[in-house]
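Right, one structure below, let's go through it.
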Amino acid sequence: MPGAEKVKVTLTRQTRDRVRDLVRQGAVKDASAFIEQAVEEALRAHKLRQLALELEAFEDPDHRAAVARLGDEGLEDIQVG
């Protein structure tokens, strides 16, 4: 799909330009630092989403009943949703 490839190249170029600007501004040391920071932020966001889902599940009476019924050993068997 030629259109998709053009979009990908444009996004890649824009990303590279933005990272270069951040390095020039001193916001990050280099591209590696930028990537590391982005990955860390994504992992934190994922952890927060996961925690929110877990907290939401524990507010569900059916989930609490399943936890009580299965005990600690069976927690991985509980389906949330």
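Across the chain, the mean sequence separation of Cα contacts (distance under 8 Å, 6 or more residues apart), normalised by length, yields a relative contact order of 13 percent. For the range 2-77, what log10 I(q)/I(0) values come out of the Debye formula at q = 0.11, 0.13, 0.27 1/Å, with one point per alpha carbon and no solvent? Once normalised to I(0) and log-transformed, intensities are -0.57, -0.65, -1.11. Applying 0.36 nm per residue to the separation of residue 65 and residue 14 and subtracting their alpha-carbon distance, the gain on full extension is 13.3 nm.
Against the chain, whose longest principal axis is taken from its Cα atoms, helix 61-70 shows a tilt of about 70°.
Angle of helix 31-59 to the longest C-alpha principal axis of the chain, folded into 0 to 90 degrees and rounded to 10: 20°.
Bear in mind these aren't lab numbers, they're just calculated from the coordinates by the rules spelled out. This is a predicted model, so every value here is computed, not measured.
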